[in-house]
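To start, the structure under review is shown below, and the notes come after it.
The values are calculated or read from the model by the stated rules, or taken from the named source; none is laboratory data. Computed from a predicted structure; not experimentally measured. Cβ: placed from backbone, ideal geometry, glycine included. Neighbour counts: every protein chain shown. All accessible areas refer to the heavy atoms of the entire protein, side chains included, with ligands and DNA or RNA removed. Shrake-Rupley method; radii C 1.70, N 1.55, O 1.52, S 1.80 Å.
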Amino acid sequence: MIQVLVIGAGPAGLAAARAARRLGASVTLLDSSDQLGGQFWRHLPAARPAARERILHHGWDTFQSLSATLESDGGCRIIRSANVFALETAAAGPGTVHVIVGAPDGVGRKRLSFSPDAIVLATGAHDRTLPFPGWDLPGVFTGGAAQALAKGERLAVGRRVVVSGAGPFLLPVAASLVAVGSRVLGVYEANRLPALVRGWLPRPWQLLGAWKKGAELGGYARGHLAHRIPYKLGRAVVAAHGTDRVESVTVAEITADWTPIPGTERRIAVDAVCISHGFTPRLELAVAAGCALTLERFVRVDDRQHSSAPGVYAAGEITGIGGVDLALAEGTIAGHAAAGGTIGDRALRTTVRGRRTFQGFAARIEAAHGIRAGWPEMLTSDTIVCRCEEVTYGHLCETAESTGSRSLRAIKLSTRAGLGICQGRICGRSVEELLACRAGGGLVDGVNTDRRPISGTIRLGELAAAVTPADSYRLTSTSESSKGTL
Amino acid sequence: MTNDVIIVGAGIIGAACARSLAAAGCDVTVVDRGTTAGGTSSACEGNLLVSDKGPGYELVLAQYASTLWKAAAVDLTEQLGPQFPSVEYEAKGGLVVATTEAGARVLLDFAASQRSAGVDACVLDADAAHELEPDLTPGITAAVHYPEDAQVQPTIATEALMASARRYGARLLENTPVTGAILDSAGALVGVKTPAGDLRASRVLIAAGPWSGDVAALLGVHLPVRPRRGELLVTSRMPHRIFHKVYDADYVGAVGSDDSALQTSSVIESTAGGTVLIGSSRQQVGFDARLRVDALSEIAAKALRLFPFLAGAAVIRSYGGFRPFMPDHLPVIGEDPRMPGLWHAAGHEGAGIGLSLATAELLTALMLKRPTHLDASPFSAARASLAPHLKAASYAI
Amino acid sequence: MPSRLLPFCNDSIRPASPTPVTITVNGEPMTGVTGQSLAGVILAGGTLGFRHTSVAGRPRGVFCGIGVCYDCLVEVNDQRDVRACQRRAAEGDVVRSQHDPLPAGPGEATPTPGVTAS
């Protein structure tokens, strides 16, 4: 029987696990959380179930059916609170996945390793947040943080909040905030109408295919109108102010390439700011597996969702930011192919058609909301770029200039940018972009910040401990693990 | 354009040689297929050690290097100015400890031999060792303190030496691979071919670390430098609890060993960034950079034998590099008798950062036919210990 | 106290009535709801800055909320480097701010072994 290991239990991973099971593969599904659903279907824990959770989520019924199917299926082993800390390639097959299982950042967690026939990577994405003056103050959150705390705990990060950045995600963030009682003073989308029109209008019929997505956005827009939240284009939070916490922000008009326009600044008193400039795919495992990336730095896959690494499939946001429907379609195809199915199988026909429609949608999001080249104009020399190591924009520029280095690796090691505990997850791409435009001729060492051989922190004592053979590892039963506390 | 010297390799050895030669008035061009510090020099620990070297030629070179680094750290800061990142030179000293009775005997004998060669190797009792390192395991059987052990941040040190070389007039061509030799009618090496065009010089110096054997082959001679993989772990930042470079006494054995199988021994120290570096493994696997979790596991387990408190430390990163391994454990410094015009500064195993400055001084004196500070013949490509490992020159270009 | 938990009785999704969970944060008791993350309990308890940075001593708290940025690190029951946004609060958890000053550099005051913060 084909052994399929699915990493990530968000929409793509759940769909992959179910598709692989339908073809009879033996499936192991890992997620770092103690809940299924990923960031998209983040919900109240089993310790505190909600009667009407459904109204907060797009596709909640799909989630319920996926998770119920998998949880009741003896052929699908679900391991929650499982952190993959390394993926080791092998001479044959997709390699060995090393995992620790237990409370997040706990000690003495169990070490497991898996050497399956096929791996489906469905590791998702996190917010991309560009640096700006004051973004390190407490009270400045990513959009994802506001969303996770609202959906996962019913916590409002602030009373008077602004939402800023780019992309359709700003709207659900604002809606979640409103739903937990925050007053959203404004939503500032950096891109202007022409970009949005270019992105959304050239092939309006595609929207018909993506009608579900359209309805989702329409719903949020209606919510905004109802709550009278100003949604402003061509504006951005360009600075956050405060001593020990954010007290106010400066919102300014910005040009089409995101350069702030002097004289347009306006101060707004707030107690929280939520920022999101799009998403960064979580690529460390794909890179460790040896998967080739596209020019846009997503996992390159073929029509079976197979990457360039043998036996390694990828689905969801790591192949392109496309939303839940695309993730479900890709996950289904990846799981099906990983379990030995072919793309021409009748059962996949609708899914393959759906994937094409939703991919078009993803391209249009990028065209409309993508990050523009003028963003570094927001920075001052004392703006922190690398939050962990507190490396400022000025220090980064000075070091690049004084060493004359055009090597990302060398400049990182000379400045410590990206060397901290987050391992460049937050600043990596920003550091790359800033240095590429500073260094004469750009960076030339061909290094990027997505490579992290240790893909999640592990305690030294745990790394030193012996591996529990995965086959003999007794699974915590669903009811036990869903108590929520580990 | 004719250069006096073309240096192949922009790692720390190439950068140090470029600086020393350019400061002496030579016209120098450094070529590298990648960028400055793109290989081993940015994938190592930055050790300036005497503690791991027994009496012999390498120790003499290391002792010389140790005096040079003290001065260079000051000179580089002065020359490059306050904007340039600090090379983080720190004479923090090393503490080598044994945890078995057998290990204790080996360590104490080794230290005695080192003392006879002028190394400051001070035997400590357990209390004195714990005074230096309060969190060290209580189960130590011997400890030797080496106050001369020091360190630099290797990437910055390489960048600094290269920047200094450029201020003395050296040129740097990055992303420029050497593709072949240019020989004159008498068979002397007079330059190298690159995709960017021919570079001519009266001397070509190979300083390509573990890739020196490949470069030598391209130029037509055999040089038995082999890569040996070393892996390290990095923890998250933590309060300062490890104050010296602390080694397990087996480290000495692993460095000098010829074994190609996986070997690990503990090398533990804090960095200026507050993280703890934990090394290291040595394994001959060619240029295969694949992650090996078993090696990392073994490094972790051995580190805990020295510092049990590290069990709770979070590992955030691992990195590895290729060390230029020589079959007789000595670098090759000087002209190649087999090919006029070809020079070497290669094969420093795990000690290249420390030995770079001494190598550069020695090489510059040899090239300029000046008196050398120490006897250069043990490092010659013509030495007897290397002869069995040299294949006949191929000259097939 | 700008961050706050939506009172369950006002919540349109009708969550089950909450069970309280009490932790201490730097010695002060804070009460949240079972299933909440440590970050959620601390935020709702009115604390936005969880720690001070190593270089500039600036306050930091929750940023990404999904375990990616490691800004919300705290010490929990003597375990360091715990992401408060990832760990669910357990009754009696002892949470302390984590501060990791940089080692004194060469030439600066030499740290005295044995008197480091434990």
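For the interface of chains B and C, what total accessible area is buried with a 1.4 Å probe, rounded to the nearest 100 Å²? Using a 1.4 Å probe, the pair buries roughly 1200 Å².
For segment A:53-59, backbone phi angles converted through the Karplus equation (6.51, -1.76, 1.60; θ = phi - 60°) give residue-by-residue couplings of 3, 3, 5, 8, 10, 7, x Hz, Gly and Pro being listed as x. The charge dipole of segment A:379-438, taken about its Cα centre with unit charges on the Cβ of Lys, Arg, Asp and Glu (plus for the first two, minus for the last two), comes to roughly 280 debye. With an a/c value of 1.5 or above and a/b not larger than b/c for the gyration tensor axes a ≥ b ≥ c computed over the alpha-carbon atoms, segment A:1-158 is described as oblate. Against the main long axis of the alpha-carbon atoms of chain A, helix A:170-179 sits at an angle near 80°.
Can you pull out the buried accessible area for chains A and B, both sides counted, probe 1.4 Å, rounded to the nearest 100 Å²?
Details: alone 21450 and 15430 Å², together 33570 Å².
Counting both chains, the buried surface is close to 3300 Å².
Over chain B, the reciprocal of the mean inverse Cα-Cα separation, the Kirkwood hydrodynamic radius, stands at 21.4 Å.
When DSSP beta bridges are limited to those with both residues in the protein assembly as shown, what percentage is antiparallel, rounded to the nearest 5? Kindly include the intermediate steps, with their values, before the conclusion.
Values: 93 of 151 bridges.
Rounded to the nearest five, the antiparallel share is 60 percent.
For the protein assembly as shown, the solvent-accessible area of protein heavy atoms averages 36 Å² per residue (probe radius 1.4 Å; ligands and nucleic acids excluded).
The alpha carbons of the protein assembly as shown give a radius of gyration and a Dmax of 29.6, 95 Å, in that order.
The share of Cα pairs per 5 Å bin across segment B:1-133, counted from zero up to the longest distance, runs 2, 8, 13, 16, 17, 14, 11, 8, 6, 3, 1, 0, 0 percent. The residues of segment B:22-48 occluded by other protein chains by 50 Å² or more of accessible area, set against the chain on its own, are B:THR35; surface from heavy atoms, 1.4 Å probe. Going toward the positive end of the dipole of the protein assembly as shown, with +1 on Lys and Arg Cβ and -1 on Asp and Glu Cβ, which of A:THR129, B:GLN284, B:GLY56 do you reach last? It is A:THR129. Quick check for you: which residues of segment A:114-156 have the amide N under 17 Å from the point 7 Å beyond the Cα of A:THR243 toward its beta carbon? Residues A:137-139 qualify, since their backbone N sits under 17 Å from the label point.
Working with all protein chains in place, sort B:LYS92, B:LYS193, B:LYS70 by solvent-accessible area computed with a 1.4 Å probe, largest first. Walk me through the numbers before you get to the answer.
Numbers: B:LYS92 25, B:LYS193 85, B:LYS70 120 Å².
Per-residue accessible area, sorted high to low, gives B:LYS70, B:LYS193, B:LYS92.
Cysteines of chain A lacking any other cysteine Cβ under 4.7 Å from their own Cβ: A:CYS76, A:CYS274, A:CYS291, A:CYS388, A:CYS397, A:CYS422, A:CYS437. Out of all DSSP beta bridges with both ends in chain A, state the antiparallel percent to the nearest 5. So the antiparallel bridges in chain A amount to around 45 percent. For segment A:23-52, a decrease in accessible area of 50 Å² or greater in the assembled protein chains relative to the isolated chain, with a 1.4 Å probe, applies to A:ARG48, A:ARG52.
Note on chain B: with charges restricted to the Cβ of Lys and Arg (+1) and Asp and Glu (-1), its dipole about the Cα centre is near 980 debye.
On alpha-carbon atoms, Rg over Rh for chain A using Kirkwood Rh? In chain A, Rg relative to Rh is 0.96.
May I ask for the Rg/Rh ratio of segment A:379-438, computed from Cα atoms with Rh as the Kirkwood radius, given to two decimals?
Details: Rg = 10.0 Å, Rh = 11.0 Å.
Radius of gyration relative to Kirkwood radius: 0.91.
Calculated on the alpha-carbon coordinates, the convex hull of segment A:77-144 measures out at 154 cubic angstrom per residue.
Relative to the dominant Cα principal axis of chain B, helix B:101-116 is inclined by about 50°.
Dipole of segment A:379-438 (Lys/Arg Cβ +1, Asp/Glu Cβ -1, origin at the Cα centre): which of A:TYR393, A:SER381, A:LEU434 lies farthest to the positive side? Value computed over the given set: A:LEU434.
Please report how many Lys pairs in chain A have alpha carbons closer than 28 angstrom, counting only residues at least 8 apart along the chain or sitting on separate chains.
Values: A:LYS110/A:LYS483; A:LYS151/A:LYS212; A:LYS151/A:LYS213; A:LYS151/A:LYS232; A:LYS151/A:LYS483; A:LYS212/A:LYS232; A:LYS213/A:LYS232.
Step by step, the pairs that qualify in chain A add up to 7.
Considering amide H positions built from the backbone, and no H for Pro or chain starts, which residues 5 or more places from C:GLY35, or on another chain, come under 5 Å of its amide H? Correct list: C:ALA89. Here's the picture: charge each Lys and Arg Cβ at +1 and each Asp and Glu Cβ at -1 in the protein assembly as shown, and of B:LEU223, B:PRO340, A:ALA190 the one pushed furthest to the positive end of that dipole is A:ALA190.
Chains C and A together bury roughly 4800 Å² of accessible area, counting both sides, with a 1.4 Å probe on protein heavy atoms only. Taken over the C-alpha atoms, segment C:8-97 has Rg and Dmax values of 13.5, 45 angstrom.
Our summary gives segment B:1-155 a relative contact order of 28 percent, counting only alpha carbon pairs under 8 angstrom and 6 or more residues apart. Cysteines in chain C lacking any other cysteine Cβ under 4.7 Å from their own Cβ: C:CYS9, C:CYS72, C:CYS85.
Accessible area of the protein assembly as shown with a 1.4 Å probe: how many percent of it is carbon plus sulfur? Let's see the in-between values first.
Details: 19000 of 35640 Å².
Carbon and sulfur atoms account for 53 percent of the accessible area of the protein assembly as shown.
Taking the Cα centre of the protein assembly as shown as origin and assigning +1 to Lys and Arg Cβ atoms and -1 to Asp and Glu Cβ atoms, the resulting dipole is close to 3800 debye.
So if we plug the beta-carbon distance of A:LYS232 and B:ASP294 into 1/(1 + (r/R0)^6) with R0 = 51 Å, what FRET efficiency do we get, rounded to 0.05? Rounded to the nearest 0.05, the efficiency is 0.35. Sorting the Cα pairs of segment B:143-207 by distance into bins of 10 Å, from 0 upward, gives 16, 32, 26, 14, 9, 2 percent per bin.
Pairs of Cα atoms nearer than 8 Å and 6+ residues apart set the relative contact order; for chain A it is 21 percent.
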